[in-house]
Amino acid sequence: MEPTRKPGTSLDLLALAGLLLIVGSAQFAHDRIVGSDGFFHVAQARRILTDDMPWMPLSIFADGWVDHQLLFHAALAPFAWMLDPITAAKVGAALFGALALWVLHLTLRRQGAPLPFLFALLPLAVSWQFLVRLEMPRVQGLSLALMLGCVIALLEGRTRLLFALAWVYAWTYQVALLVLPIAVLHALVSRLPVGMEQRRRAWSGPLAALAGLTAGFVVHPHSPGTLRFLWQHVVLKVLNRDTLPVGSEWLTGGPVELMRTGGGGVALLILAIVLLRPRAGRLPPSRSTIFTVLLASAATVGALLSTKFIEYSVPLSALAVGLSVRDARRERARLPAGAAALFVAIALVATAWSTLEARDAVLATEPSPHRLAPAMQWASEHIPPGERVFHFSWNDWPELVLHGPAWEYVVGLDPHFLQLAEPELWDLYDKIGRGWGANPSKPIAQRFGARWAILVLPYPGDPRGVLGADPGLRLAFDGEHALIYEVVGPGSRGVSAP
């Protein structure tokens with residue numbers, strides 16, 4: 001028999017407040033921005049009403065901007081308008097992260113799991129790396145919240161809600177495509193002959209998910225570019241992972257790395273499976289529990305291939321173990337209040353420890369978000385708006401865009417945005433970035449159309465030596481974290497700045 005849904009209570013609001021306090025405290029335990037992409041997201045959120053993105057004119061976006069995270073930028077926009085960019089990034093990340101954990105809490109409570117707040121805390125308590133992922137001012141939090149919302153709709157047979165959430169998800173993040181296989185998995189589990197449970201209609205969920213996703217990608221402010229971009233960003237990017245540079249989150253995988261970053265989630269998944277083992281006199285596990293265990297297992301396989309997916313595997317494992325505990329306790333009395341309080345206290349202590357670990361890791365690996373402010377302040381006084389500025393690493397692009405939104409750049413976020421538009425230009429850019437050529441000023445001016453170049457420090461090799469030996473480059477700004485060169489050699493369109 002499926003669990004009885006419980007009506008909403010004021011405890012839900014208290015749970016949301018508690019999660020906001022916990023995630024917000026972790027976010028503001030340091031002054032850093034986790035991950036460079038967050039700089040771009042704040043910059044784009046500030047111009048959400050303009051419906052364009054002017055910073056990569058050489059890329060595939062020269063044919064029109066396709067915002068595949070449109071609703072994320074719309075949700076971040078109020079903070080970007082009202083607060084300074086760094087605070088806006090941190091507030092947005094904290095809010096969306098807390099929202100994701102709160103939807104996990106709601107899923108558990110609506111399915112009748114004991115101590116739903118405890119199981120909502122478990123992802124933070126068992127994996128400080130998951131907390132670091134949640135602190136990124138990126139779409140992870142909203143994505144997880146929407147995915148769990150789709151899980152609620154599937155478990156409760158609410159196809160209209162699933163259709164609407166799939167549509168909203170498609171406007172928020174292309175990971176929304178996972179809703180379809182999740183719905184198919186649920187349909188298959190719904191047909192299992194489990195105990196006395198009645199079989200449900202199998203394919204209404206997948207049809208609702210497919211319809212919602214299709215509507216989301218077709219009926220979109222940037223359609224039909226959304227369909228082309230779906231192919232470029234999802235399919236071609238995955239196929240080119242071995243030939244084009246990607247973020248470090250794509251490069252780490254395997255059992256050892258999974259145990260280091262998401263080992264707590266793996267332990268939760270194993271616990272959920274152990275709790276499902278048959279025992280004499282015990283009711284069989286419910287279909288909802290079997291579904292969540294299989295879903296968490298699939299997410300863990302994804303995290304085995306790339307540790308970026310611990311942001312899904314760890315909370316889904318917490319959901320699985322919560323429902324497994326529910327099934328294991330169906331014939332038992334309610335957990336004593338003292339034991340419940342003890343479990344929650346242990347989870348809070350473990351979460352506090354994760355917060356400290358995450359803070360130390362972030363401070364050790366992430367630079368100050370204000371490090372480029374002096375260089376970009378100088379640039380704002382000497383470089384006219386609309387100029388194209390060459391940068392030597394595609395990874396620096398988001399930070400440059402936030403501090404210098406008045407100029408054009410070469411490529412950012414993903415190298416394939418330039419590679420798909422101009423393969424030879426990407427190859428040239430890559431070679432220049434790796435120190436190829438004695439006089440990079442010539443291709444910088446003639447092929448990239450830039451009269452200024454910025455080098456963010458530190459940089460591998462001997463960049464000062466290579467660039468200083470180029471007679472076509474004049475060092476105009478020499479700072480602790482960045483060097484700015486004016487291109488003055490043959491092919492340059494500019495003249496020396498004052």
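With the cut-off at 1.5 for a/c, could you classify the range 299-358 from its C-alpha gyration tensor as rounded, prolate or oblate?
On the way: a/c = 5.68, a/b = 1.40, b/c = 4.06.
The shape class here is oblate.
So what is the 222 nm mean residue ellipticity for the chain from helices alone, if each DSSP H run of at least 4 adds -39500 (n - 2.57) and you divide by all residues, rounding to the nearest 500 deg cm²/dmol? Don't skip to the answer; put the middle values down first.
Details: 22 runs with 285 residues, N = 498.
Estimated from H runs of four or more residues: -18000 deg cm²/dmol.
When a/c is below 1.5 the answer is rounded, else prolate if a/b is larger than b/c, else oblate, so apply that to the range 373-487 with a ≥ b ≥ c taken from the square roots of the Cα gyration tensor eigenvalues.
Details: a/c = 1.44, a/b = 1.11, b/c = 1.30.
Cα axes put the range 373-487 in the rounded bin.
If you place +1 on the Cβ of every Lys and Arg and -1 on the Cβ of every Asp and Glu, how big does the dipole about the Cα centre of the range 373-487 come out, in debye to the nearest 20?
On the way: 8 positive and 15 negative charges, 59 e Å.
The dipole of the range 373-487 has a size of about 280 debye.
Using Cβ counts within 10 Å as a stand-in for footprinting exposure, how do PHE343, PHE417 rank, fewest first? Mind showing how you got there, number by number?
On the way: PHE343 16, PHE417 22.
Fewest to most other Cβ atoms nearby, the residues stand as PHE343, PHE417.
Among residues other than TRP128 whose Cβ falls under 14 Å from its Cβ, what is the net charge (Lys/Arg +1, Asp/Glu -1)?
On the way: positive: ARG133, ARG260, ARG359; negative: GLU135, GLU311, GLU357, ASP360.
That works out to -1.
Take the Cα radius of gyration of the chain and divide it by 2.2 N^0.38 Å, with N its residue count; two decimals is plenty.
Numbers: Rg = 24.9 Å, N = 498, 2.2 N^0.38 = 23.3 Å.
Cα Rg divided by the expected 2.2 N^0.38 Å: 1.07.
Determine, at each q value in 0.11, 0.14, 0.21 (inverse angstroms), the log₁₀ of I(q)/I(0) that the Debye formula gives when each Cα of the range 312-394 is one equal point scatterer.
Taking Cα atoms of the range 312-394 as identical point scatterers yields -0.63, -0.77, -1.14.
Is there a quick way to get the dipole size of the range 443-485? I mean about its Cα centre, with the Cβ of Lys and Arg at +1 and of Asp and Glu at -1; what is the value in debye to the nearest 20?
Numbers: 4 positive and 4 negative charges, 46 e Å.
Dipole size: approximately 220 debye.
Checking the a/c ratio against 1.5 first, then a/b against b/c, what shape does the Cα gyration tensor give for the range 104-202? Intermediate values should be presented prior to the final figure.
On the way: a/c = 2.29, a/b = 1.32, b/c = 1.74.
Oblate is the answer for the range 104-202, as a/c is 1.5 or above yet b/c matches or exceeds a/b.
Nearest 5 is fine: what % of DSSP beta bridges in the range 373-487 come out antiparallel, could you say?
Numbers: 10 of 14 bridges.
Counting only bridges with both partners in the range 373-487, antiparallel ones make up about 70 percent.
Run through the DSSP bridge list for the chain and note the antiparallel percent, rounded to the nearest 5.
Numbers: 10 of 14 bridges.
Once the DSSP bridges in the chain are tallied, antiparallel ones form about 70 percent.
Which whole-number percent gives the relative contact order of the range 1-83, counting Cα pairs below 8 Å spaced six or more residues apart? Before the final figure, lay out the partial values.
Values: 25 pairs, mean separation 25.8, N = 83.
Relative contact order here is 31 percent.
At a threshold of 8 angstrom on Cα-Cα distance, excluding pairs fewer than six apart, so keeping six or more, what relative contact order does the chain reach in percent? Walk me through the numbers on the way to the answer.
Numbers: 803 pairs, mean separation 93.3, N = 498.
About 19 percent, as a whole number.
Just how large is the dipole of the chain about the Cα centre, in debye to the nearest 20, putting +1 at every Lys and Arg Cβ and -1 at every Asp and Glu Cβ?
On the way: 41 positive and 36 negative charges, 503 e Å.
Roughly 2420 debye, rounded to the nearest 20.
Could you calculate the contour length gain from LEU230 to GLU387, that is, 0.36 nm times the residue separation minus the distance between their Cα atoms, to one decimal place in nm? The partial results should precede the final answer.
Values: separation 157, 0.36 × 157 = 56.52 nm, distance 3.03 nm.
That pair, LEU230 and GLU387, stretches by 53.5 nm at full extension.
How would you order 142-149, 25-32, 110-117 from highest to lowest mean count of nearby Cβ atoms within 10 Å?
Most protected by this proxy first, the peptides run 142-149, 110-117, 25-32.
Bin width 5 Å, alpha-carbon pairs only: give the P(r) of the range 33-75 as whole percents, running from 0 to the bin holding the largest distance.
The distribution over the range 33-75 is 5, 22, 30, 25, 14, 4, 0, given as percents.
Taken together, the values in this text are just the output of simple stated rules run on the coordinates, not laboratory data. The structure presented is a predicted model; accordingly, all values stated were derived computationally and were not measured. Glycine gets a Cβ as well: all are built from the backbone with ideal geometry, and neighbour counts include every protein chain shown.
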